[in-house]
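Let me begin by presenting the structure, written as structure tokens, before commenting on it.
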Amino acid sequence: MKKLPVALALAGILLTPMVMAKTVNTVASFSVLADIVKEVGGDHVKVKSLVGPDGDPHSFEPTPQDSQALTKADVVFVSGLGLEGWLDRLISASEYKGKVIVSSEGIETRSMEEDGKTITDPHAWNSMKNGVVYANNVMNALIAADPEDAAYFRQRGSAYVAQLNKLDSWAAASFAAVPVAKRKVLTSHDAFGYFGQRYGVSFMSPVGFSTESEASASDVAKLIDQLKTEHIHSYFIENQTDPRLVKQIAAATGAQPGGELYPEALTKKDGPAATYVAAFTHNVTAMVSSMK
């Protein structure tokens with residue numbers, strides 16, 4: 001058999017079409033969801049978070065740069081349940097025509113009456129059982145967007161879900177070790193409803209589901225009386241909200257600071273809650289420590 005000249009052989013190799021790994025360009029509405037997309041997508045995704053670290057997803061104001069990011073996206077991930085009230089305007093402005101994945105789809109929601117209206121609680125991810133639903137929805141969406149890398153997304157998604165399930169069990173066991181009477185927490189706003197429902201913790205806050213809602217003087221007075229009656233000894237601030245009101249309430253009740261919680265915004269990379277897993281772990285540890 002004749003051997004090809006080296007130069008000709010090399011030319012044949014260079015002319016052979018190379019299969020390049022696809023990168024799925026994604027946009028996520030806020031930092032917690034962006035991290036879930038990164039964990040599942042790995043090297044095969046590029047993720048832009050609209051609401052950045054320590055940012056409030058309720059009061060976010062999109063910029064022209066955010067509109068441009070949507071224009072370039074293959075997939076847009078949102079949490080849904082009313083969290084991103086600004087999203088429809090942004091999509092309209094960007095003329096984005098791709099898929100919008102509602103990552104909370106399939107979750108059993110909770111609601112409350114606020115100003116005479118029934119409002120859905122948007123903070124579903126704070127229960128790690130629901131976090132598993134988010135991760136699976138993200139995984140399935142990435143597989144649909146890039147079927148050639150389905151095995152890669154399944155492997156990463158399954159490993160991540162296993163990690164989240166372990167955290168869910170750990171959190172449940174941690175709170176189960178605390179007497180029910182002590183499982184009470186004062187926070188800035190009502191962001192831990194799903195968390196409380198899942199792990200048997202009672203939360204009190206001066207305002208409702210949105211940080212944009214305001215507490216009346218009578219609401220604050222009632223909350224102060226309740227905290228005194230139920231002997232709540234510690235309070236927490238949130239990294240994305242103004243802490244002044246909750247500190248004012250704590251001062252009136254004698255409650256001591258328990259630290260900072262991260263219910264809907266991650267910290268920067270060098271912070272204590274730079275990932276969804278780190279934020280959840282921190283929140284559980286801080287609350288349990290305050291209860292003891």
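Just so you know, all these numbers are worked out from the coordinates, no wet-lab data involved. Quick caveat: nothing in here was measured; it's all calculated off a predicted structure. Cβ coordinates were reconstructed from backbone atoms using ideal geometry, including for glycine residues, and neighbour counts include every protein chain displayed.
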Beta bridges by DSSP in segment 24-169, antiparallel share as percent, to the nearest 5: 25 percent
Lys/Arg +1, Asp/Glu -1 at C-beta; segment 24-169 dipole; positive extreme among G55, A73, S158: S158
Residue pairs, from the table K72/K166; K72/K99; K182/K268; K48/K184; K48/K269, whose Cα atoms sit over 24 Å apart: K72/K166; K182/K268; K48/K184
F175, F280 arranged by Cβ crowding within 10 Å, fewest neighbours leading: F175, F280
Ranked L261, L90, L167, criterion: other C-beta atoms within 10 Å, fewest first: L167, L90, L261
Net length gained if the chain between T63 and Q256 were fully extended (0.36 nm per residue, minus Cα distance): 65.6 nm
Residues T120, T26 arranged by fewest to most Cβ contacts within 10 Å: T120, T26
Debye log10 I(q)/I(0) for segment 24-169, one point scatterer per Cα, at q = 0.14, 0.18, 0.20 Å⁻¹: -0.66, -1.06, -1.26
